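Worksheet: the structure to be examined is printed underneath.
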Amino acid sequence: MGGFFITGTSTEVGKTFVTVLLLRAYAASGVEAVGYKPVACGSREDADHLHRASAGQLSLDDINPLAYRVPAAPLAAAMIENRPVEWAAMLEGAMHLARDYPVVLVEGVGGWKVPCTAELTMADLATELGWPVIVVVDNRLGALNHTLLTLESIHDHGLHCAGMILNHPGEERDAASVSNAAILAQVTRIPILAEVMHGQTEIDLPVALLPKNGEGQTG
């Protein structure tokens, strides 16, 4: 049992949007999956979206054990509110869910290396979990550089990248958004799991993300 760590090439790239689509896809495939937001900053809206899309009878605190009012990186929010990040609680919350559900989708905060404490980043949380990483790519001009740097760091942390999901920020398409998927597939050899866009309400579950041996399937 375990899950996936979902990161993004930056903040506001659609991590929650993609995570909810995946949770719905798991449900449609008969797999009990839950979302997990270890820390929320500024609002618990993202955590609430994951809560409503998750399987089981969980509380919002189960989905999101640590929340700050300040819309900033966890380290900054913790300093401003004088409330240190509870690292063990974030990690233990994910592991607790993994004991009860076949798939846990852990949505990080901001980009891959957002600082949580003076010594630890979101990347370190992903490393301690040891689960495969899914990268949500903000599919626009500049995405190639941001994505390649993120993938390089994931590799340097000894983690496996299960694939990328490209999120189109709007209906208009330009040369970059049209070609990014092909370029990334060619230069990284990492699978493009899906391409999604604003307003989309469902997604086919990529075969690579199905539990092994049908574990957790209810159908």
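Brief remarks on what is shown
- Restricting A47, A67, A77, A73 to residues that are closer than 18 Å to L125 by Cα and without any contact (Cβ under 8 Å) to a residue 24 or more places away in the chain narrows the list to A47.
- Taken over region 182-204, the criterion of being surrounded by fewer than 18 Cβ atoms within 10 Å (Cβ to Cβ) and either under 19 Å from the mean Cα position of the chain (by Cα) or in a strand (DSSP E or B) (or both) is satisfied by P191, I192, E195, M197, H198, G199, Q200, T201, E202, D204.
- Considering residues of region 104-141 that are over 25 Å from A55 (Cα atoms) and acidic (D, E) only, the residue surrounded by the most Cβ atoms within 10 Å (Cβ to Cβ): D138
- If you go through region 87-109 and pick out every residue that is out of contact with any Pro (no Cβ under 9 Å at 6 or more places or on another chain) and in contact (Cβ under 8 Å) with a residue 40 or more places away in the chain, you end up with 7.
- For region 162-219, a residue qualifies if it is under 19 Å from G8 (Cα atoms), in contact with a Gly (Cβ under 9 Å, 6 or more places away or on another chain) and modelled with pLDDT under 85, and the qualifying residues are P169, H198.
- Residue among L159, L125 that is modelled with pLDDT of 95 or more, of a type in the set (A, V, I, L, M) and either assigned to a strand (DSSP E or B) or touching a Leu at 6+ places or on another chain (Cβ under 8 Å) (or both): L125
- Enumeration of residues in region 128-146 that are touching a strand residue (DSSP E or B) at 6+ places or on another chain (Cβ under 9 Å) and not in a helix (DSSP H, G or I): G130, W131, P132, V133, I134, V135, V136, V137, D138, N139, R140
- If you check A88, A94 for being modelled with pLDDT of 95 or more, out of contact with any Ser or Thr (no Cβ under 9 Å at 6 or more places or on another chain) and buried (at least 17 other Cβ atoms within 10 Å of the Cβ), only one passes: A94.
- Output for region 22-44, where each listed residue is surrounded by fewer than 22 Cβ atoms within 10 Å (Cβ to Cβ) and in contact (Cβ under 8 Å) with a residue 60 or more places away in the chain: R24, A25, A28, S29, G30, E32
- Only one of the numbered conditions (1) in contact with a Ser or Thr (Cβ under 9 Å, 6 or more places away or on another chain); (2) modelled with pLDDT of 95 or more; (3) over 26 Å from L125 (Cα atoms) is violated by L141, and that is (2).
- Any chance A162 is in contact (Cβ under 8 Å) with a residue 60 or more places away in the chain and touching a helix residue (DSSP H, G or I) at 6+ places or on another chain (Cβ under 8 Å): yes
The values are calculated or read from the model by the stated rules, or taken from the named source; none is laboratory data. Note that the structure is predicted; figures quoted are calculated from it, not measured. In this analysis, Cβ positions are derived from the backbone assuming ideal geometry, glycine residues included, and neighbour counts consider all displayed protein chains.
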